[in-house]
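*Asks:* First the structure, then my questions, so here it is.
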Amino acid sequence: MSPMDQALVAVVDDDPRIRDLLASELEDLGAQVLRCGDGRELVEHPQLAEVELVLLDWMMPGLDGAATLQALAARRFAGRVAVVTALCDPAVNTLALAAGAEATLLKTEALAALPQLLRRG
């Protein structure tokens, strides 16, 4: 077993197709996955403290990426967060990093980046 086997990763995206695609790839890489349809579902999840990595969509109804990062900071969330976005916008990158994300990824690049993100833990 590699060190990342059974890491708990949360995939937060309002699009179930993207959520399931990322979650399936993570499971293939040996991670356990929480699937959350929005930021509020993540922040209120009973296993939040066990989550090592969050893949967080930036644009969602309700608690969007920015608000979710603020809510995680308020709860002193100790895991890592990577924002996954369809927007190729430097402002999103700047805002996400300033709010505590360790990286931003374009959705088109996310699948290829998953093994590297898991190894950083």
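*Asks:* Run the dipole for the range 8-119 about the Cα centre, Lys and Arg Cβ at +1, Asp and Glu Cβ at -1, nothing else charged, and hand back the magnitude in debye, nearest 20.
*Replies:* On the way: 9 positive and 17 negative charges, 61 e Å.
Once rounded to the nearest 20, the dipole reads 300 debye.
*Asks:* I've got another one for you. Work out from phi, with θ = phi - 60° and the Karplus expression 6.51 cos²θ - 1.76 cosθ + 1.60, the ³J(HN,Hα) of each residue of the range 71-83, listed in order in whole Hz, and give x for Gly and Pro.
*Replies:* Along the range 71-83, the couplings run 5, 5, 4, 5, 8, 6, 4, 9, x, 9, 10, 10, 7 Hz.
*Asks:* Kindly rank 70-77, 83-90 from highest to lowest mean number of other beta carbons found within 10 Å of each residue. Provide the component values of the computation, followed by the final result.
*Replies:* On the way: 70-77: 14.1, 83-90: 16.4.
So the peptides 70-77, 83-90, ranked by packing, come out 83-90, 70-77.
*Asks:* Could I ask something else about it? Please list the non-local residues whose amide H lies under 5 Å from the amide H of T85, H modeled 1.01 Å from N, same-chain partners needing a gap of 5 or more.
*Replies:* When sequence neighbours closer than 5 places are left aside, the close amide H contacts are L105, L106, K107.
*Asks:* Okay, next question. Over the chain, what is the mean sequence separation of C-alpha contacts under 8 Å (at least six apart), divided by residue count, expressed as relative contact order in percent?
*Replies:* On the way: 202 pairs, mean separation 29.1, N = 121.
Normalised by residue count, the contact order of the chain is 24 percent.
*Asks:* Oh, and also: Hey, if you drop one equal point scatterer on each alpha-carbon of the chain and run the Debye formula without solvent, what base-10 log of I(q)/I(0) do you get at q = 0.15, 0.21, 0.23 Å⁻¹?
*Replies:* -0.57, -1.21, -1.49
*Asks:* Just to be sure I understand the model, the point goes 7 Å from the Cα along the line to the Cβ. What's the resulting Q47 to S24 distance in nm?
*Replies:* Result for the modelled spin labels: 2.0 nm.
*Asks:* Then there's this: Please sort 48-55, 96-103 by packing, taking for each peptide the average over its residues of neighbouring beta carbons within 10 angstrom, highest first.
*Replies:* Values: 48-55: 20.2, 96-103: 16.9.
The packing order, highest mean first, is 48-55, 96-103.
Quick note: the coordinates plus some simple rules give every number you see, no bench work behind them. Nothing here was measured: the structure is a model prediction, and the numbers come from that model. Here Cβ is always computed from backbone atoms with ideal geometry, including for glycine, and neighbour counts include all displayed protein chains.
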